[in-house]
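The values are calculated or read from the model by the stated rules, or taken from the named source; none is laboratory data. The structure displayed is predicted, hence computed values, not measured ones. Methodologically, a virtual Cβ is constructed for each residue, glycine included, from the backbone with ideal geometry; neighbour enumeration extends over all protein chains shown.
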């Protein structure tokens with residue numbers, strides 16, 4: 001599915017990856033509101049035109065990003081995060 005977001009300069013658009021359900025070891029399913037931390041894993045869906053950025057990440061990469069970074073956007077019921085390249089901490093191999 002094509003994303004209708006085109007980041008500029010050193011920005012990256014991520015589709016936020018959230019766990020579908022949180023479960024305790026005993027099998028109790030915890031509601032979403034019980035989550036204490038926001039997810040820090042995302043899938044790159046668009047990359048800005050910065051040359052250094054293009055060398056490090058590409059569309060389809062899974063990345064870990066800094067807590068509380070970027071701007072959340074919801075389009076067609078999908079959560080995206082637009083953040084600066086400096087907030088991308090690692091590419092998951």
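Which residues, taken from the range 44-71, are over 13 Å from residue 11 (Cα atoms) and not in a loop (DSSP other than H, G, I, E, B)?
Start the filter on the range 44-71 by keeping residues that are over 13 Å from residue 11 (Cα atoms), which leaves 55, 60-64, 66-68.
Result: 55, 62, 63, 64.
All but one of (1) surrounded by 16 or more Cβ atoms within 10 Å (Cβ to Cβ); (2) free of Cβ contacts under 8 Å to residues at least 12 places away in the same chain hold for residue 51; which doesn't?
(1)
Quick one: would you say residue 38 is part of a loop (DSSP other than H, G, I, E, B), modelled with pLDDT of 90 or more and surrounded by fewer than 16 Cβ atoms within 10 Å (Cβ to Cβ)?
Taking the combined requirement at face value, the residue does not satisfy it.
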